[in-house]
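For reference, the structure discussed in these notes is given below.
The values are calculated or read from the model by the stated rules, or taken from the named source; none is laboratory data. Predicted model only: the values in this text are computed from it and were never measured. All Cβ positions, even for glycine, are placed from backbone atoms using ideal geometry, and neighbour counts span all protein chains on display. With ligands, DNA and RNA removed, areas are computed over all heavy atoms of the protein, side chains included. Shrake-Rupley method; radii C 1.70, N 1.55, O 1.52, S 1.80 Å.
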Amino acid sequence: MPDATTAERERRNGAVAEVTALLADYAACIDADALEEWPDFFTADCHYKITTAYNHARGLPVGLIYAHNRAMLEDRVVALRKANVYEPQRYRHIVSTPRITGGGLVGSAGDEAIEAETGFLVVRTMHDGTQDLFASGVYLDRIDFSGNRPRFAGKIVVLDSDRVDTLLAIPL
Amino acid sequence: MPDATTAERERRNGAVAEVTALLADYAACIDADALEEWPDFFTADCHYKITTAYNHARGLPVGLIYAHNRAMLEDRVVALRKANVYEPQRYRHIVSTPRITGGGLVGSAGDEAIEAETGFLVVRTMHDGTQDLFASGVYLDRIDFSGNRPRFAGKIVVLDSDRVDTLLAIPL
Amino acid sequence: MPDATTAERERRNGAVAEVTALLADYAACIDADALEEWPDFFTADCHYKITTAYNHARGLPVGLIYAHNRAMLEDRVVALRKANVYEPQRYRHIVSTPRITGGGLVGSAGDEAIEAETGFLVVRTMHDGTQDLFASGVYLDRIDFSGNRPRFAGKIVVLDSDRVDTLLAIPL
């Protein structure tokens, strides 16, 4: 097996490890209901969007949620805390392995960004203890490694289902 | 901690990274409905089988799907495309961490094959947006690293459930 | 990016790989119904507890299951085998990526323990083939690396749901 392939493989495995760790922290933040910490996973000029596979495949512009900077995410958390008239719920993200789709070398000699696609599902637990499959889909992420910690410069959450009536309640 | 253990650990971690990346690509191919690319994840003389835990534990020979070379997988995709009278569905594989059960050193001085067992589940989204747990089980894989990319020389899909009436529609 | 950060990153990625591999083996043991091997995943003086998020957040002392050494886990398996009047069931753990919360350097110069938090879900398959989401939650683990294999010195299983009537049947 040629050395070049080995080098590519190590490069990819390192990138996978970085993205995996970031997504684990991201999911844990939401699952712990620590929403005030959620915007800090994004860069100041980030783009964040929740859309559906149907809309995403057709390039339809209207997502369920759209923010084009971090301040909008902070506003959203404030609004969620004020408006939260729903019964208490708990979420559990299960995140699959990221596939590196762009960039990929992190470190002193490396790229400053990685693009990745990562499948996920979310289980919801209601106050009475009942559980259901709340959502599944894929994260399309662009991650910026130039700051003091990795942050999402762009995150598109593509949901498998078009049924989204209750989805607006929490970040995904 | 003795050095030998450290070496074994690094060997295993490297193998896990390889298998994890391959399975992520494999699952993404199916979830994107790119079935025409699916046979290229297998070697020309591969074995592919879908069976149930009940049958597998008893060594019963009849699997739900059985192919003993890649051409049969290609035929299957053609048949699926022609016969697809079902309503549109979307699948989302969530793949757990592989356990390396044989082989394991990849690289210029390494083995050319890895055996691994990996749990998975598949969420199905119907056209009307309803979602259910479609399948869960374990992949028993033998992966060939001698070619220009890793490929499955053998893949046995062992399903947890014996209820398989609608499972024949897609690869798993 | 400073070298220190790179070193920390490699340290963390190594720890994640170790914990990931241990949890994959642990889950596979339970899913294969090899419960007699389950206690050997723990140290002789381990603590093991199953509790709920509600109780855990309030520091309520009564967990669903509590053991303060490995012998109690062995007793539990014996009791389970004798008392098993339930219909056959099959479980499938899907384990997310561990987040390292303490310790983290494994090897000849490293720490002897790692603390980690890891989300999980469990799918249950009944004898008639029906499947449901059995449980979801997070493992809070303290892992001892001083022995001949990594073992849990402490494992707290925090379930998302308070509905636990049938949960006592199997280890989680």
**Report entry** Meets criteria (modelled with pLDDT under 95 and outside any loop (DSSP other than H, G, I, E, B)) for C:ALA109
**Finding:** no
Report task. Select from the stretch B:62-75 the residues that are in contact (Cβ under 8 Å) with a residue 12 or more places away in the chain and open to solvent by 70 Å² or more (accessible area, probe 1.4 Å) and write down the one among them that is farthest from the other protein chains (Cβ to nearest Cβ). Result -> B:HIS68
Query - Of residues in the stretch A:1-44 being assigned to a loop (DSSP other than H, G, I, E, B) and open to solvent by 60 Å² or more (accessible area, probe 1.4 Å), the one farthest from B:PHE145 (Cα to Cα) - result: A:ASP33
Report task. Please tell me if A:SER136 is assigned to a loop (DSSP other than H, G, I, E, B), in contact with a strand residue (DSSP E or B) (Cβ under 7 Å, 6 or more places away or on another chain) and either closer than 21 Å to A:GLU36 by Cβ or not acidic (Asp, Glu) (or both). Result -> no
**Report entry** Condition check for C:PRO150: over 28 Å from C:TYR54 (Cα atoms), at pLDDT 90 or above, touching a strand residue (DSSP E or B) at 6+ places or on another chain (Cβ under 8 Å) and within 14 Å of chain B (Cβ to nearest Cβ)
**Finding:** yes
Requested in this report: Could you check, for the stretch A:76-90, whether at least one of its residues is buried (at least 19 other Cβ atoms within 10 Å of the Cβ), free of Cβ contacts under 8 Å to residues at least 60 places away in the same chain, out of contact with any Leu (no Cβ under 9 Å at 6 or more places or on another chain) and under 25 Å from A:SER161 (Cβ atoms)?
Outcome: yes
Report task. Please enumerate the residues belonging to the stretch A:1-30 that are over 18 Å from C:VAL16 (Cβ atoms) and under 16 Å from the mean Cα position of the chain (by Cα). Result -> A:ILE30
Query raised in the report: Considering C:TYR66, C:TYR86, which residue is part of a strand (DSSP E or B), at pLDDT below 90 and farther than 15 Å from C:ALA27 by Cα?
Result: C:TYR66
Requested in this report: Please determine, by comparing only the residues of the stretch A:114-128 that are over 23 Å from A:VAL164 (Cβ atoms) and open to solvent by less than 10 Å² (accessible area, probe 1.4 Å), which one is farthest from the other protein chains (Cβ to nearest Cβ).
Outcome: A:ILE114
Report summary line: Output for Cβ contacts, cut-off 8 Å, separation at least six or different chains, first residue within 21 Å of B:LEU140 (Cα to Cα) in the stretch C:29-42, second among the acidic types (Asp, Glu), reads C:CYS29/C:GLU37
Query raised in the report: Quick check: anything in the stretch A:49-61 at pLDDT 95 or above, in contact with an Asp or Glu (Cβ under 7 Å, 6 or more places away or on another chain), surrounded by 19 or more Cβ atoms within 10 Å (Cβ to Cβ) and more than 14 Å from chain C (Cβ to nearest Cβ)?
Result: no
Query raised in the report: Here are some residues: B:ASP144, B:ASP162. Which one is more than 9 Å from every other protein chain (Cβ to nearest Cβ), among the acidic types (Asp, Glu) and open to solvent by 30 Å² or more (accessible area, probe 1.4 Å)?
Result: B:ASP144
